[in-house]
Amino acid sequence: MLIAALILAGCEELPAPQSEPDPVATPDELAPRPKDPSEASRAAARHYARVQSDLLARGLLRRDGGGPDTPYSDRQLTENFVRIALFDEYVSRGGTLVAQQSESNLRRWEQPIRFGLRFGETVPESQRAKDRSNVAAFVRRLSRATGHPMSMGTGNGNFTVLMLNEDERAAIGPELRRLVPGIDNAAIRTIETLPRDTLCLVFATTTGNSSVYTRAVAIIRAEHPDLLRLSCIHEELAQGLGLANDSPEARPSIFNDDEEFGLLTTHDEQLLRILYDGRLRPGMTALEAKPIVKQIVGEILGGRV
């Protein structure tokens, strides 16, 4: 199994298990009764509230999708797609993820995607209601952008979104082993010891040497204030579809570590449309895919230079 651990867009290769059982339907809570958050979780909530306030004060986390101040050409959209969909940001070295750009193959889903949203036991119902609504609306948008069948369901589905606080995430290993048979200890350590400056992550799995995703899990900090949480929903769910990398050249885009845009942009929807175009195939290299991408981009933008 290949695990593509996308820590704000990184990838890690792990060994392949022999088979994967179907997900077991479960409630969207990881425990039946709400609990009060720990002091560590309350401190994290205060920290991320300051992070969001600072980003907004600097004019970042834009929600406008781009505009006259963010033009881009056919060439730029083509290059952005190649860099974001056909390169990885991280490699696995000695059981650790290391930041290193490396060329990859085109990866995406072929089967319908069933999203399952689950919450840690300390997440209040008012926050759960917002997140359910936001995830459901975004899944509909992703399905329209890609033309790929997607739906929200109960239980895990094959793309599970976990909203967890500090303590829940630090103890999530057994649950991850149940959700993703074959996941290795390095990936679990990465998730359980997530550094504070990593806001959220997603990893997707493929079986054997295939480039077709079969399962994904997104981890989002429950302590984030509303906009940061929504930004994580947009970035991690979109990256879990196959846009695995980030690029400093991509603008207007959430696939850029500068945090200028907080929500999926028109540019990003076009990247997703290209990724799921039937003329491209999972496993294609950048050399094989680029001429086709140029043709698709020309159709989308109509020769904008």
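All of the numbers you see were taken from the coordinates with simple rules; none came from a lab. These numbers come from a predicted model, not from an experiment. Virtual Cβ from ideal backbone geometry, glycine too; neighbours counted across all protein chains shown.
List the residues, sorted by chain then number, that are 5 or more residues from Glu121 or on another chain and whose placed amide H is less than 5 Å from its amide H.
Leu30, Ala31
Between Arg196 and Ala129, what is the FRET efficiency for a Förster distance of 30 Å, r being their Cβ-Cβ separation, to the nearest 0.05? Walk me through the numbers before you get to the answer.
Numbers: r = 27 Å, r/R0 = 0.90.
The value I calculate is 0.65.
Please report, for the Cα atoms of the range 160-276, the Rg to one decimal and the Dmax as a whole number; what are they, in angstrom?
According to the Cα coordinates of the range 160-276, Rg and Dmax are 14.6, 39 Å.
What length, rounded to one decimal in nm, is gained on full extension from Gln111 through to Arg140, with 0.36 nm per residue of separation minus their alpha-carbon distance? Can you show the working numbers first?
On the way: separation 29, 0.36 × 29 = 10.44 nm, distance 1.63 nm.
Length difference between fully extended and current span is 8.8 nm.
So if each residue of separation counts as 0.36 nm, and I subtract the Cα-Cα distance between Leu301 and Lys35, what length gain in nm does that give? Each step should come with its number before you reach the end.
Working: separation 266, 0.36 × 266 = 95.76 nm, distance 5.07 nm.
Here the answer is 90.7 nm.
Between Asp257 and residues 5 or more places away or on another chain, which pairs have amide H atoms under 5 Å apart, with H built 1.01 Å from N, and which residues are they?
Amide H to amide H, under 5 Å and 5 or more residues apart or across chains, Asp257 pairs with Ser247.
Report the gain in length on full extension from Asp69 to Lys294: 0.36 nm times residue separation, minus Cα-Cα distance, nm rounded to one decimal. Write down the numbers at each step before the final one.
Details: separation 225, 0.36 × 225 = 81.00 nm, distance 2.37 nm.
Contour length minus the Cα-Cα distance gives 78.6 nm.
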